[in-house]
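Peer 1: What follows is a structure written as structure tokens; I'll ask about it next.
The values are calculated or read from the model by the stated rules, or taken from the named source; none is laboratory data. Quantities reported herein were computed from a predicted structural model and do not represent experimental measurements. Please note: Cβ atoms are built from the backbone with ideal geometry, for glycine as well, and neighbour counts cover all protein chains shown.
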Amino acid sequence: MPAGGSLIFTSVAEAFFTYMKVAFIAGLILTSPFVLYQIWAFVAPGLYQKEKRYVVPFVLSGSFFFALGIFFGYFIAIPIGFKFLLGYATDFIKPMPSMNEYLSFSIKFLLAFGLVFEFPVVLVFLARIGVVNAKMLARQRKYAILLIFIFAAVMTPPDLISQVLMALPLMGLYELSIFFSKLFGKKDKPIPSTT
């Protein structure tokens, strides 16, 4: 919010329910390790030992990249995006977002960035099981950049600044995915010689 800016509420119970939503989201975040452990305890008995070996690195890296996306969205994208969007205010048009609109917008924005930052984890997983490889990802770079900008346009508010703020990190994450796919991707087995 700009200096001196404030939020409003337009219905009698809006402020109360907004605080309840914030408390619910905070509760989900704080209890997520326990919830993830319970999901793991349910799924683990059905996995082979080899499959269990892959779960922990992917869960840890997935959590790290999700948190990285949230932090990027909160500290970089939202301030720049809000400044741009609220810049349309004039002497006759005053921005007066309600608490509910502000919370909903922020949550969607942060969730989008958190999910988008899972990109390297998904691509490395696909490389690990042999669906893609680093050479293929490098060859398809120009198509990936086009799809990244289309995806960013769909996921962000309808302004160029937000789209670019999502697309640029995604392009960096794509390059990081190529590097990690080279390191951790499925290795081709050498063809045995017949001589």
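Peer 1: Could you list all residues from the stretch 116-148 that are crowded, with 17+ Cβ neighbours inside 10 Å and among the aromatic types (F, W, Y)?
Peer 2: Of everything in the stretch 116-148, those that are crowded, with 17+ Cβ neighbours inside 10 Å and among the aromatic types (F, W, Y) turn out to be F117, F119, F125.
Peer 1: Filtering the stretch 150-165 down to residues that are surrounded by fewer than 19 Cβ atoms within 10 Å (Cβ to Cβ) and more than 15 Å from F105 (Cβ to Cβ), which residue is nearest to the chain's Cα centre (by Cα)? Give the derivation first.
Peer 2: Just the residues of the stretch 150-165 that are surrounded by fewer than 19 Cβ atoms within 10 Å (Cβ to Cβ), to begin with: 150-151, 153-154, 157-161, 164.
After this cut, where a residue has to be more than 15 Å from F105 (Cβ to Cβ) as well, the list is 150-151, 153-154, 160, 164.
Values: I150: 16, F151: 12, A153: 15, V154: 14, L160: 19, V164: 15 Å.
Checked the stretch 150-165; the qualifying residue nearest to the chain's Cα centre (by Cα) is F151.
Residues checked against (1) in contact (Cβ under 8 Å) with a residue 24 or more places away in the chain; (2) in contact with a Leu (Cβ under 6 Å, 6 or more places away or on another chain); (3) closer than 17 Å to I78 by Cβ:
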{"site": "V164", "(1), (2), (3)": "no, no, yes"}
{"site": "M171", "(1), (2), (3)": "yes, no, no"}
{"site": "S177", "(1), (2), (3)": "yes, yes, no"}
{"site": "L183", "(1), (2), (3)": "no, no, no"}
{"site": "K187", "(1), (2), (3)": "no, no, no"}
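Peer 1: Here is a list of conditions, (1) under 23 Å from T156 (Cα atoms); (2) more than 21 Å from the chain's Cα centre (by Cα); (3) not acidic (D, E), and Y74 meets all of them except one; can you say which number that is?
Peer 2: Every condition holds for Y74 apart from (2).
Peer 1: Looking only at the stretch 16-38, decide whether some residue is modelled with pLDDT of 85 or more, exposed (fewer than 12 other Cβ atoms within 10 Å of the Cβ) and of a type in the set (S, T, Y).
Peer 2: yes
Peer 1: Can you give me the ranges of the helices (runs of 4 or more DSSP H) entirely in the stretch 97-142 with at least 3 residues that are free of Cβ contacts under 8 Å to residues at least 12 places away in the same chain and closer than 25 Å to I178 by Cα?
Peer 2: Result: 134-139.
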